[in-house]
Amino acid sequence: MNILGISAHYHDSAAALVVDSVPVCAVQEERLSRHKGDPAFPLLAIESCLQHAGIEPNELDAVVFYERPMLKFDRILTCALRAFPQSWRAFPKAMKNSLGEKVWMRGIISSHLGVPGRKVLFTEHHQSHAAAAFLTAPTCRAAIMTADAVGEWATLSVGDGERLANGPTTIRRFREIRFPHSLGMLYSTFTAYLGFKVNEDEYKVMGLAAYGQPTLVEQVRKLIRRTPDGAFALDLNYFEFHTTAERCYSSRFIELFGPSRNPYEPIDLDTAEGQRFADCAASVQRVLEDTLVQLARALHEETGLPDLCLGGGVALNGVANARILAESGFERVFVPPAPGDAGCAIGAALYCDRICFGNPDRDLPDHPFWGPSVDGSELARLAREDGHFVEDCYDDALIDQIADDLAADRIVGWMEGALEFGPRALGHRSILAAPHTTEMRDRLNREIKYREPFRPFAPVVPIEVAARYFDIPPGGTRLARFMSGVFPVRREWRSRLQAITHVDGTARVQVLEPAMAPRLHALLEAYGQRTGIPVLLNTSFNLAGEPIVNRAVEGYSTFLRCRIDVLVAGETRVLKRTSAMTKTPVNTLKKEVA
């Protein structure tokens, strides 16, 4: 069977194609349209998936949309009417927005693809999250928890799933918490208050939290209370997201926490005002963690299962994920590489395949590389036209040359194979650098990423030696497979891993198995032979405000617009002219005896 999954019209649209019960392609629309977080109907992503598989739309057995538009419209209309007259300004805009393309998805999909309406199916939003989390994880039975801002009505759900080898699959939902009571909206409200973009910059709040102290936890707890049934409820007097699209927080919120940050003014952590914002971030982060841990612990007690699958945008909070692993009682926590709405495209397609059509379970490839592949010859042609030094290197020669580049403190744009699906660069569209000094961290923030100086960088390390450099608990390597957990850098290594060690001594580490990204694993080993430390700084290959690069031409454009020294695409290595003239001494870190 050929099943196309689609997510669209909220943020981060995507398409995924499942053929004979196995995903063959998945890509976010933003990677093709070059519009970060693109919410549009993903025509480019759909075309990419179909071309990759060599099939026509009329060969699709089903097209599955990741949520139920009419149920979502019911929530929007009900909430607007409940909030009247406060909602009178937002009501016309909400109706116009909802009654356009977003509600009539069966007709829209049928029109765009030329498939009959009977082939267009729908899952619920949190069913898509649950399927994306559970059906892609290497576990046959697990508890499932999904949490985000809102789907149709649900904002958090708990349940379990079971997969029988070559047999049926079940995904059960025990309970759900409904809008407007939402952990995702609580966190997004603070994201807006701190001057960041909602649905895009929540990770900045997590990074900023490490610079603060949770001195405002009691104030945050006034906003959210636990209910007798073990759930939670927001005090809506402090919020406006449920009544207007203008802002998330109310005047009472401002009275409690003080004036919000102007998004155009930088956060100066050396001032009292900057520290107040950091303390706000630390406090909401602590409350989020505490709430998730309590909910996960209760779910573990209810199910008695050793494994937990997490889905939804809240599952991108690596600090909370690490606490869930440490304190909930679960032995393993699985988070897919795309736990947010983009991942719902895969989730919807797999849910339809396993649940709606009842196809037998199949093991799935355990990697994030589902997008288009890079063409090194395209890079060679572009770079030669501009007079840059270009060479074709193969196998060990390429690895040795790039290891030398990195050991000489050159910054490398690394493009290999198929594009990652999800927000993390996990070794195919990465910027790589030496992880040893704060100067490298500051150089990357200032000259390449053009972003706030308080944001940390992530390391990548071979799984064989990860425990030497990072304090990863039992079960933690699974979270670290897709950079889904934050763990301490061992104290004895922090002075030599300054570029990837956050202010609180932690790192969002990627633990790499050879089978997932063989060339990057070989590069780590080669770099370790030169410096004694087989760890690299690994950050996404993009500039601030842009999507991760997809094709060689986008990598080359980024290479020209910042101070990356070396660009690799496939077997092609390009050295920027200014870098070719500047020879930097090879890093002479003392090698450590294993």
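The values are calculated or read from the model by the stated rules, or taken from the named source; none is laboratory data. All values reported here derive from a predicted model rather than from experimental measurement. Glycine gets a Cβ as well: all are built from the backbone with ideal geometry, and neighbour counts include every protein chain shown. Accessible surface is based on the protein model in full, side chains and every heavy atom, while ligands, DNA and RNA are left aside. Shrake-Rupley method; radii C 1.70, N 1.55, O 1.52, S 1.80 Å.
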Under a Cβ-only charge scheme (Lys and Arg +1, Asp and Glu -1), can you give me the dipole magnitude of the range 371-580 about the Cα centre, in debye to the nearest 20?
800 debye
Give me the percent of DSSP beta bridges within the chain that run antiparallel, rounded to the nearest 5.
70 percent
Mind checking which of Ala62, Ser110, Ala231 is farthest towards the positive end of the chain's charge dipole, using Cβ charges of +1 (Lys, Arg) and -1 (Asp, Glu) about the Cα centre?
Ala231
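Quick check: from the Cα gyration tensor, does the range 371-580 come out rounded (a/c under 1.5), prolate or oblate? Please report the intermediate quantities before stating the final value.
Numbers: a/c = 1.62, a/b = 1.50, b/c = 1.08.
Verdict is prolate for the range 371-580.
Rank-order 478-484, 138-144 by packing density, defined as the average count of other C-beta atoms within 10 Å over each peptide's residues, highest first. The partial results should precede the final answer.
Values: 478-484: 25.0, 138-144: 19.6.
The densest-packed peptide leads the list: 478-484, 138-144.
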Between Lys93 and His35, with labels modelled 7 Å along Cα→Cβ, what's the label distance in nm to one decimal, could you check?
1.8 nm
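Ranking request for peptides 247-255, 344-352, 377-385, 303-311: highest mean number of other beta-carbon atoms within 10 Å first, then the rest in descending order.
Values: 247-255: 16.0, 344-352: 32.6, 377-385: 17.9, 303-311: 23.8.
Packing proxy ranking, top to bottom: 344-352, 303-311, 377-385, 247-255.
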I'd like the FRET efficiency for Lys222 and Thr271, computed as 1/(1 + (r/R0)^6) with the beta carbon distance as r and R0 of 25 Å, rounded to 0.05.
0.45
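Multiply the residue gap between Leu560 and Glu492 by 0.36 nm, knock off their C-alpha separation, and tell me the result in nm, one decimal place. Intermediate values should be presented prior to the final figure.
On the way: separation 68, 0.36 × 68 = 24.48 nm, distance 3.76 nm.
Here the segment from Leu560 to Glu492 would lengthen by 20.7 nm.
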Mind jotting down the three principal axis lengths of the range 353-422 based on Cα atoms? Whole angstrom, largest first.
56, 28, 21
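Please state the equivalent ellipsoid semi-axes for the chain: what are the square roots of 5 times the Cα gyration tensor eigenvalues, largest first, in whole Å?
Values: eigenvalues 268, 174, 114 Å².
Each semi-axis is the square root of five times an eigenvalue, giving 37, 30, 24 Å.
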Span from the the range 357-432 Cα centroid across to the the range 501-571 one, whole angstrom
9 Å
Per-residue accessible area for Tyr203 at 1.4 Å probe radius, Å² rounded to 10?
100 Å²
How large is the accessible surface of Phe174 in square angstrom, using a 1.4 angstrom probe and rounding to the nearest 10?
60 Å²
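Keeping every protein chain present and rolling a 1.4 Å probe, give me the accessible area per residue for the chain in Å². Display every interim value, and only then the final one.
Values: 23000 Å² over 594 residues.
Dividing the accessible area of the chain by its residue count gives 39 Å².
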Determine the share of the chain's accessible area contributed by carbon and sulfur atoms, expressed in whole percent, with a 1.4 angstrom probe.
52 percent
In whole Hz, with x marking every Gly and Pro, tabulate ³J(HN,Hα) for the range 543-554 from phi via Karplus 6.51 cos²θ - 1.76 cosθ + 1.60, θ = phi - 60°.
9, 4, x, 10, x, 4, 5, 10, 8, 4, 5, 6
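Give me the extension gain from Asp74 to Leu256: residue separation times 0.36 nm, minus the current Cα-Cα distance, reported in nm with one decimal.
Working: separation 182, 0.36 × 182 = 65.52 nm, distance 3.28 nm.
Once the chain is fully extended between Asp74 and Leu256, it gains 62.2 nm.
Using +1 on the beta carbon of Lys and Arg, -1 on that of Asp and Glu, and nothing else charged, what's the dipole of the range 183-333 about the Cα centre, debye to 20? Could the numbers behind the result be given before it?
Numbers: 14 positive and 21 negative charges, 32 e Å.
Charge dipole, the range 183-333, about its Cα centre: 160 debye, nearest 20.
Going by average Cβ neighbours within 10 Å, how do the peptides 361-371, 425-435 rank, with the highest at the top? Could you put the intermediate results ahead of the total?
Working: 361-371: 18.4, 425-435: 26.8.
Descending packing order for the listed peptides: 425-435, 361-371.
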Each label point is 7 Å from the Cα along the Cα-to-Cβ direction; what then is the distance between the points at Gln213 and His112, in nm?
5.1 nm
Dipole moment magnitude, nearest 20 debye, the chain about Cα centre, only Lys, Arg, Asp, Glu C-beta charged
1140 debye
Can you tell which of Leu50, Phe134, Ala210 lies farthest toward the positive end of the dipole of the chain, using +1 and -1 charges on the Cβ of basic and acidic side chains (Lys, Arg; Asp, Glu)?
Ala210
If you stretched the chain out fully between Val22 and Asp442, how much longer would it get, using 0.36 nm times the residue separation minus the C-alpha to C-alpha distance?
147.0 nm
